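Visitor: I have a structure here, written as structure tokens, and I will follow up with some questions on it.
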Amino acid sequence: MKYDYELRVGVELAREAGGAILEHYEGPLDIEQKSYDDDVEPVTQADKIANELIVTRLAREFPDDGILAEESIDTQRRLNKSRVWMVDPLDGTSGFIAGNGDFAVQIGLVENGECVVGIVYQPLTGVLYHAVLGSGSWVESRESGLEQVHVSEKQTLGSMRLAASRSHRSPRMNKVVSRLGFKEEIQRGSVGIKIGLLVERQCDVYIHLSPRTKQWDTCAPQLILTEAGGRLTDLFGEPLNYNVPEVQNRNGLVASNGASHDLIIDTLAPLLVEFGRHPV
């Protein structure tokens with residue numbers, strides 16, 4: 001299988017980084033606040049240790065590839081590379097700090113702007129999702145072993161279950177939920193974990209209004225979702241761009257089972273106008 005070696009190395013690194021992260025789960029934690037444009041995010045020693053572990057091995061195994069990693073300094077060099085690894089060593093740092101289990105290691109590979117390998121690993125539960133372009137989406141757990149996953153086939157918005165963030169909901173998101181008619185939801189942290197809810201049919205849609213997710217937040221989860229039959233676009237229905245100078249996904253996210261993705265986008269459109277949101 002194409003990308004077999006890349007997948008194998010990525011899975012090994014995700015598990016190894018997850019083990020390193022768990023060594024710090026009980027604390028004490030060294031928490032810093034890092035600024036990124038208009039955003040402030042927490043970072044711990046676990047983020048940095050996992051980042052260094054992953055980046056060091058990727059650079060050794062694939063010296064000709066570029067790397068974009070959350071806790072590494074970004075440079076323009078990656079823009080000249082056809083293959084670039086997208087690394088979020090600890091997606092859901094707030095959940096890690098809170099001790100609620102909602103955090104994951106995310107490793108993705110982009111080739112010519114397209115996601116071709118995706119790995120999301122939850123260290124606390126041992127659940128691992130992975131996908132290679134054209135080869136389906138798979139979940140591996142301690143209880144069930146390795147299984148292929150497919151999104152749900154629900155088409156009626158009112159019957160769909162929303163994967164929602166744990167953080168305090170904004171009035172705008174309340175309007176979205178009301179307008180789309182979602183009646184049930186599951187609240188979790190981490191983009192990768194919420195995408196996991198979609199591919200395991202526990203949820204059907206995930207909407208992220210904020211412009212603050214980054215390429216490393218969405219790369220691996222996007223491939224896992226699309227290989228399971230779902231779709232992920234920005235709020236305006238446009239594809240996300242990878243290995244571009246702008247690291248942030250400034251137009252938000254809509255992830256779904258694909259069945260009513262266009263309807264979701266069309267229903268969102270007047271609300272986005274009301275909110276003053278325009279494509280950037």
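Visitor: Write down the percent of antiparallel bridges among all DSSP beta bridges whose residues are both part of the range 4-149, to the nearest 5.
Guide: If we restrict to bridges inside the range 4-149, about 90 percent are antiparallel.
Visitor: Rg to Rh for the chain: what is it, with Cα atoms only and Rh by Kirkwood?
Guide: 0.94
Visitor: While we're here: Between Rg and the Kirkwood Rh of the range 157-275, both from Cα atoms, what is the Rg to Rh ratio?
Guide: Rg divided by Rh gives 0.92.
Visitor: Another question, then. Show me 112-118, 187-193, 265-271, 138-144 ranked by packing, highest mean number of other Cβ atoms within 10 Å first.
Guide: Highest-to-lowest ranking by the protection proxy: 187-193, 112-118, 265-271, 138-144.
Visitor: Place the peptides 19-28, 156-165, 253-262 in order of packing, highest mean first, counting for every residue the other Cβ atoms within 10 Å and averaging per peptide.
Guide: Sorting 19-28, 156-165, 253-262 by mean packing, highest first, produces 253-262, 156-165, 19-28.
Visitor: What nm distance separates the two modelled labels at GLN76 and LYS175, each placed 7 Å from Cα along Cα→Cβ?
Guide: Label-label distance for GLN76 and LYS175, simple model: 4.0 nm.
Visitor: Now a separate question. Expressed as a rounded percentage, what relative contact order does the chain have, with Cα pairs under 8 Å and six or more residues apart?
Guide: Over the chain, the number comes to 16 percent.
Visitor: Related question: Determine, for the chain, the count of lysine pairs separated by eight or more sequence positions (or lying on different chains) whose alpha-carbon distance falls under 20 Å.
Guide: So the count works out to 10.
Visitor: Quick check on the exposure proxy: order ILE49, ILE207, ILE107 from fewest to most C-beta atoms within 10 angstrom.
Guide: If I rank by nearby Cβ atoms, fewest first, I get ILE49, ILE207, ILE107.
Visitor: Let a ≥ b ≥ c be the square roots of the eigenvalues of the Cα gyration tensor of the range 1-141; is it rounded (a/c under 1.5), or, if not, prolate (a/b larger than b/c) or oblate?
Guide: Oblate shape, in that a/c is at least 1.5 and b/c is the bigger or equal ratio.
The numbers here are math on the coordinates, done by the rules we state, and not lab data. Computed from a predicted model, the values in this text were never measured in an experiment. Cβ: placed from backbone, ideal geometry, glycine included. Neighbour counts: every protein chain shown.
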